[in-house]
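Remarks on the structure that follows.
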């Protein structure tokens, strides 16, 4: 059994509500030595067969602390809201492939809703970046950003911000409709684009095939899993 697939015991440090139905959970990471922005961990919830996957929003390798954000919307996340300091959780990971960070480029991070979570971690790793985010309403906003759009679509501002800041690469995470529109802008402007794809993931290791998408590999079309082959992909590789 690999370190990723084995069970880890996490000790809760804090669990606080940070916005409407949105929570920030911090816990000790046990024997995990490294996590890359874009990867995720899966937390075991009592009485549920499948673990719940969450993007890593921060990993402090010195303190061995993991941060995730989650929205309360089902039995699993309802359980997470009950966790208190010093409670134990069982989790596995980190899973998936992270972002390919290019610090020599001016970068734009585009997030929407809870999809902003992995971009917090990425922001700390990129030297020259602007972080913009969109939310449906004011009460859904959490954390800090360089630019926020409330209502409407954050995509409406992406092209302008790219031009104004000489952006050379775009990283994004959020609903598929946002990711596709960001990709279309990057394609038009001939800018490199990586996306962290959001999809319901069951096993987390590519076995159940419940999170498959089609990508282009040269002239070949391949069926891949978001959890194992992603969740980060080049925008141009996705068959939208």
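Given axes a ≥ b ≥ c from the Cα gyration tensor, I'd like to know whether segment 199-240 is rounded (a/c under 1.5), prolate (a/b larger than b/c) or oblate. It comes out prolate by the Cα gyration axes. DSSP bridge analysis restricted to the chain gives an antiparallel fraction near 65%, rounded to the nearest 5. Per-residue ellipticity at 222 nm from helix content only, as computed over the chain with -39500 (n - 2.57) for each DSSP H run of at least four residues, stands at -4500 deg cm²/dmol. With Rh defined as the Kirkwood radius, the inverse of the mean 1/r over Cα pairs, the Rg/Rh of segment 151-202 is 1.00. Seen through its C-alpha gyration tensor, with square-root eigenvalues sorted a ≥ b ≥ c, segment 161-239 comes out prolate because a/c lies at 1.5 or above while a/b is bigger than b/c.
Measuring between their Cα centroids, segment 80-143 and segment 162-240 lie 16 Å from each other. Expressed in Å, the radius of gyration and Dmax of the Cα atoms of segment 63-129 are 15.2, 43. Starting from the Cα gyration tensor of segment 18-128, take the square roots of the eigenvalues, sort them a ≥ b ≥ c, and report rounded, prolate or oblate (rounded when a/c is under 1.5, otherwise prolate if a/b is larger than b/c, else oblate). The shape class here is prolate. Peptide packing for 72-78, 140-146, 49-55 was compared via the average number of neighbouring C-beta atoms within 10 Å per residue; ordered from the highest value, the list is 49-55, 140-146, 72-78.
Over all pairs of different C-alpha atoms, segment 99-198 has a mean inverse distance whose reciprocal, the Kirkwood radius, equals 13.2 Å.
Tell me the relative contact order for the chain as a rounded percent, counting alpha carbon contacts under 8 Å between residues six or more apart.
Working: 540 pairs, mean separation 43.2, N = 240.
In percent, rounded to a whole number, it is 18.
Under Stokes-Einstein, with the Kirkwood radius over Cα pairs as Rh, the value for the chain at 20 °C and 1.002 mPa s is 118 µm²/s.
Read the figures in this text as sums done on the coordinates, not as results from a lab. What you are looking at is a predicted structure, and each value in this text was computed from that prediction instead of being measured. As a convention, Cβ positions derive from the backbone with ideal geometry for all residues, glycine included, and neighbour counts pool all protein chains shown.
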